[in-house]
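The next block holds one structure in the form of structure tokens; read it before the comments.
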Amino acid sequence: MTTDAYLADCGARLAFDLLSNTWNAVLIWVLRSGPQRPGELRERIGGISPKVLTETLRRLEFNGLVARNAYAEAPPRVEYELTALGRTLLGPIDAFGAWAFEYGDEVMAAQERNEHAGASHEPSRTSRSSHPSFSSSGAE
């Protein structure tokens with residue numbers, strides 16, 4: 001085992017992989033307020049299809065970050081909530097959100113400069129105004 005934290009066999013890459021999917025972080029952040037049903041999640045998040053929501057919830061459940069609670073009622077009811085492990089990601093997600101709020105305009109300006117210079121190697125990213133605020137003090 002190496003001491004370099006970013007090589008293939010390290011936990012840091014696992015964490016970056018978990019946070020690299022936009023919907024993973026968004027769902028974890030939205031679930032911080034407690035258990036929610038899929039319809040409530042779609043309503044709060046906006047812009048996520050039922051299929052992508054289901055795939056993301058399953059991925060988070062597989063990784064031990066979200067728990068699925070099914071209730072034997074008529075009609076059947078399912079809720080999702082963060083596990084203790086999932087809650088440990090709230091701090092890092094908040095930190096990424098704060099960074100994006102602070103520096104997002106600079107990143108987008110660099111992207112625009114490079115697009116206009118013909119040096120763009122990456123597709124243009126969505127404006128941060130279309131992403132939910134990750135600020136702890138922001139409204140939900």
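Tabulated values for the structure
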| item | result |
| --- | --- |
| Probe 1.4 Å - accessible area at Tyr71, Å² to nearest ten | 80 |
| Largest to smallest accessible area among Trp99, Trp29, Trp23 [probe 1.4 Å] | Trp99, Trp23, Trp29 |
| Virtual spin-label span in nm between Thr54 and Asn21, 7 Å along Cα→Cβ | 1.5 |
| Among Phe62, Gly39, Gly11 - extreme Cα towards positive end, dipole of segment 1-111, charges at beta-carbon | Gly39 |
| Residue-level accessible surface for Glu79, protein heavy atoms, 1.4 Å, Å² | 30 |
| Spin-label model distance (nm) - Gln111 vs Arg42, 7 Å beyond Cα toward Cβ | 2.7 |
| Asn69-Tyr103 pseudo-label distance in nm [points 7 Å out on the Cα-to-Cβ vector] | 3.8 |
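The values are calculated or read from the model by the stated rules, or taken from the named source; none is laboratory data. Just so we're clear, the structure is a prediction, and the values are computed from it rather than from any experiment. Glycine gets a Cβ as well: all are built from the backbone with ideal geometry, and neighbour counts include every protein chain shown. The accessibility values were calculated without ligands, DNA or RNA, using every heavy atom of the protein model including side chains. Shrake-Rupley method; radii C 1.70, N 1.55, O 1.52, S 1.80 Å.
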